[in-house]
Amino acid sequence: MSDRFDFEVVCPNNHNQTVTFRQEEFEEALKSGALVFHCNTCDTNWPPTSDQLAMFRKQFAKNED
């Protein structure tokens with residue numbers, strides 16, 4: 001079983017993107033303020049929403065059980 005998880009996000013210009021994290025790298029990036037998504041389609045960067053952060057944490061917690 002992999003410890004990396006794929007999450008689907010949508011950029012501000014409505015392009016679907018997949019981001020992949022391990023829980024440790026997600027938490028480190030979040031703490032350091034370096035967690036920013038990038039859209040390869042329109043070359044846009046944006047921060048995650050609070051709903052996305054909650055979704056990521058829920059998925060990580062679910063897989064710890």
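List of remarks:
- Within region 50-65, residues that are of a type outside the set (D, E, K, R) have Cβ atoms under 7 Å from residues that are part of a helix (DSSP H, G or I) and modelled with pLDDT of 90 or more in these pairs: F56/F26; F60/Q23, counting only partners at least 6 apart in sequence or on another chain.
- Lone qualifier among A34, A54 - being hydrophobic (A, V, I, L, M, F, W, C) and at pLDDT below 90: A34
- Search result, residues across region 9-35 that are surrounded by 10 or more Cβ atoms within 10 Å (Cβ to Cβ) and free of Cβ contacts under 8 Å to residues at least 12 places away in the same chain: V10, N16, E24, E25, E27, E28, A29
- Among the residues of region 37-51, those identified as of a type outside the set (F, W, Y) and either surrounded by 10 or more Cβ atoms within 10 Å (Cβ to Cβ) or at pLDDT below 95 (or both) are H38, C39, N40, T41, C42, T44, N45, P47, P48, T49, S50, D51.
The values are calculated or read from the model by the stated rules, or taken from the named source; none is laboratory data. Nothing here was measured: the structure is a model prediction, and the numbers come from that model. Note: ideal-geometry Cβ built from the backbone for every residue, glycine included; neighbour counts use all protein chains shown.
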